[in-house]
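Participant: What follows is a single structure, and I will ask about it in a moment.
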Amino acid sequence: MASEKEIKEIHENGMNILEDLTNNVQEIQEQVLEEILKSNAGTEYLSRFFPNGEADNQSFKTNVLPIISYEHIKPYIDRIASGETSSILLAYRIIQFLLSTGTSGGQPKLIPMTAESFEKRMSDLLLSDLVT
């Protein structure tokens, strides 16, 4: 079992991480967007908007991307759920689907999860436990 000193240190480290994240929000958001765009530029979905494969922050800001709902990407998600393995929506392999509660539209929705998104979700939960 962790000592009181160790618990305090873990809490302080968690608070420092949280402080750093909140002080650098714009920079972090730009980095995350850049990573998402670059890693997924070759997907079927994004290649419709970036046919030359150059999906980066600058091209993202100059291209007109529509605001979409779940219904717009549902056909893609259905293909993935049916076992199609190509890079349809994401460059990373989908390892599982989460099922939404369905409260926004009445029907539950399939939410694709990659190994990376699953690990991030778990680390976010751990971080929230550390700072509470």
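Where a number appears in this text, it was derived from the coordinates with a stated rule and is not lab data. Since we're looking at a predicted model, the values are computed, not measured. Note that we place each Cβ from the backbone using ideal geometry, even for glycine, and neighbour counts take in every protein chain shown.
Participant: Could you sort the peptides 66-72, 115-121 by per-residue average Cβ neighbour count (10 Å cutoff), highest mean leading? Mind dumping the intermediate values first?
Facilitator: Working: 66-72: 9.3, 115-121: 12.9.
Listed from highest to lowest mean packing, they are 115-121, 66-72.
Participant: Also, quick follow-up: Extending each Cα 7 Å along its Cβ direction at Met1 and Tyr70, get the distance between those two points in nm, one decimal.
Facilitator: Those two pseudo-labels are separated by 4.3 nm.
Participant: Please list 77-87, 32-42 highest first by mean number of surrounding beta-carbon atoms within 10 Å per residue. Before the final figure, lay out each step's value.
Facilitator: Numbers: 77-87: 12.3, 32-42: 14.8.
The most tightly packed comes first, giving 32-42, 77-87.
Participant: Sticking with this structure for a sec: Within region 4-131, how many Lys pairs that are eight or more residues apart, or on different chains, come under 21 Å at the alpha-carbon?
Facilitator: So the count works out to 4.
Participant: How much length, in nm to one decimal, is gained on full extension between Phe97 and Met122, taken as 0.36 nm per residue of separation minus their Cα-Cα distance? Present the calculation step by step, with values, prior to reporting the outcome.
Facilitator: On the way: separation 25, 0.36 × 25 = 9.00 nm, distance 1.51 nm.
Computed gain between Phe97 and Met122 is 7.5 nm.
Participant: ³J(HN,Hα) across region 39-45 via Karplus (A = 6.51, B = -1.76, C = 1.60, θ = phi - 60°), whole Hz, x for Gly/Pro?
Facilitator: For region 39-45, the Karplus curve yields 6, 10, 4, x, 6, 4, 5 Hz.
Participant: Can you compute the radius of gyration and Dmax for region 4-131, using only the Cα atoms, both in Å?
Facilitator: Looking at region 4-131, its Cα Rg and Dmax stand at 18.0, 56 Å.
Participant: Expressed as a whole number of Å, what is the distance separating the alpha-carbon centroids of region 1-41 and region 44-58?
Facilitator: Between the Cα centres of region 44-58 and region 1-41 lies a distance of 28 Å.
Participant: Please list 3J(HN,Hα) in residue order for region 110-117, calculated via the Karplus relation 6.51 cos²θ - 1.76 cosθ + 1.60 where θ = phi - 60°; whole Hz, with x for glycine and proline.
Facilitator: The phi angles translate into 7, 10, x, 10, 9, 4, 5, 5 Hz.
Participant: Is there a quick way to get the dipole size of region 4-131? I mean about its Cα centre, with the Cβ of Lys and Arg at +1 and of Asp and Glu at -1; what is the value in debye to the nearest 20? Display every interim value, and only then the final one.
Facilitator: Working: 11 positive and 20 negative charges, 145 e Å.
Result for region 4-131 is approximately 700 debye, rounded to the nearest 20.
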